[in-house]
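Reading through the structure tokens given below for one structure.
The values are calculated or read from the model by the stated rules, or taken from the named source; none is laboratory data. A quick note: this is a predicted structure, and the numbers were derived from the prediction, not measured. Positions of Cβ are backbone-derived with ideal geometry, glycine not excepted, and every protein chain shown enters the neighbour counts.
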Amino acid sequence: MHLITYCSLLSATLLLNTFTMAQKPESVDLWPAGKVPHSVANDAVQEKGETGADGILRISQVKVPTLMAFLPAKEKATGASVMICPGGGYSILAYGHEGEEVARWLNGLGVAAFVLKYRLPDDRIQTNKEQVPLADAMQGMKVIRQNAAKWGVDPNKIGIMGFSAGGHLASTLSTHYHRGEGASEEAKPNFAILLYPVITFGTKAHSGSREKLVGKNASQEQIDYYSNELQVSDKTPPTFLVHSEDDKGVPVENSVNYYLALKNANVPAEMHLYPKGGHGYALRTKGKGSVETWPEACKAWLQSMGYVK
């Protein structure tokens, strides 16, 4: 009896361990070793990851961009997936609460999530720094599509989600996937989710994000090129927007003007504006008022689009 009990416990433990291992996030390099575009060797610059008193992991000085794959339980998976771009003003990546925490929330909806650890513009380790984040985002979308069967995702149901400056990157991919180096239909998101996104590099710009990407002396051509409300077309993917009216970091007009551009281009779009919430909350909305409801609104939108059951 004791032997049977022991064997049963052992079998249960092995099954649990197997399940746990199957659900463990997988890190995948975006580029083949030694072939990271626009990369400059500089051993004096090394990646940094620090967790603050708020429990948020922040990463800077990224040299090797990756995707971290978070897969839902197979019995719950819908086939939809989302590549997540954390924010941080193109200076750091708020990888914890705008990456990993959101990935696990999406998994709970049956959606596979891929957190993009993209390179941040840095002349010390890059050439053509303004092209680097978009190159990584394009490659990330391609890697997900190329490995769709392996990860159990539908290559026609891959979205992008971005927060703050990560929202700028997500909206840039949505409007520039067919432009420049690495341009390809394979890099196009099927849908986009943007939270308090940096959209414009014009009068309502988040100056820190703009200066990090294109510098303080950017030409008008550069400013217009990365003002994504000016780059929307009828090929831009359907988009869900969230913003707080009291956002002091990224003015709400960033989302409003992008929504209007989508509407004028006949692109399906849904926008939720909240009177309070500030900036940078992601899923940490407790006590911030009605903005607490944005995850439910997003879930309903995903259901209406056929990505969530």
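Apart from one condition, Y259 fits all of (1) in a loop (DSSP other than H, G, I, E, B); (2) closer than 30 Å to E186 by Cβ; (3) within 22 Å of the chain's Cα centre (by Cα); (4) not β-branched (V, I, T); the exception is (1).
Among residues that are polar (S, T, N, Q), farther than 30 Å from G180 by Cβ and modelled with pLDDT of 95 or more, T78 is included.
Beta carbons closer than 9 Å, at least 6 apart along the sequence or on distinct chains, never pair a first residue in the stretch 274-290 that is touching a residue at least 60 places away in the same chain (Cβ under 8 Å) and outside any loop (DSSP other than H, G, I, E, B) with a second that is buried (at least 16 other Cβ atoms within 10 Å of the Cβ) and not aromatic (F, W, Y). Cβ-Cβ contacts under 7 Å between residues 6 or more apart (or on different chains), taken from a first residue in the stretch 249-260 that is over 10 Å from Y196 (Cβ atoms) to a second residue that is of a type in the set (S, T, N, Q) and buried (at least 17 other Cβ atoms within 10 Å of the Cβ), are listed as N257/T200; Y258/S171; Y258/N228. With respect to K216, is the statement that it is part of a loop (DSSP other than H, G, I, E, B) and without any contact (Cβ under 8 Å) to a residue 24 or more places away in the chain true? Judged against the criteria, K216 is a match. Within the stretch 69-90, the set of residues being touching a Leu at 6+ places or on another chain (Cβ under 8 Å) and in a strand (DSSP E or B) comprises F70, V82, M83, I84, C85.
Rundown of residues vs (1) among the polar types (S, T, N, Q); (2) under 13 Å from the mean Cα position of the chain (by Cα); (3) closer than 23 Å to I199 by Cβ, yes/no style:
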site: G34; (1), (2), (3): no, no, no
site: A44; (1), (2), (3): no, no, no
site: G49; (1), (2), (3): no, no, no
site: V64; (1), (2), (3): no, no, no
site: L71; (1), (2), (3): no, no, no
site: G87; (1), (2), (3): no, yes, yes
site: Y95; (1), (2), (3): no, yes, yes
site: F114; (1), (2), (3): no, yes, yes
site: Q126; (1), (2), (3): yes, no, no
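Screening L116 against (1) touching a Ser or Thr at 6+ places or on another chain (Cβ under 7 Å); (2) in contact (Cβ under 8 Å) with a residue 40 or more places away in the chain leaves a single unmet condition, (1).
Scanning the stretch 23-40 for residues that are at pLDDT below 95 and of a type in the set (A, V, I, L, M, F, W, C) gives a single hit, A33.
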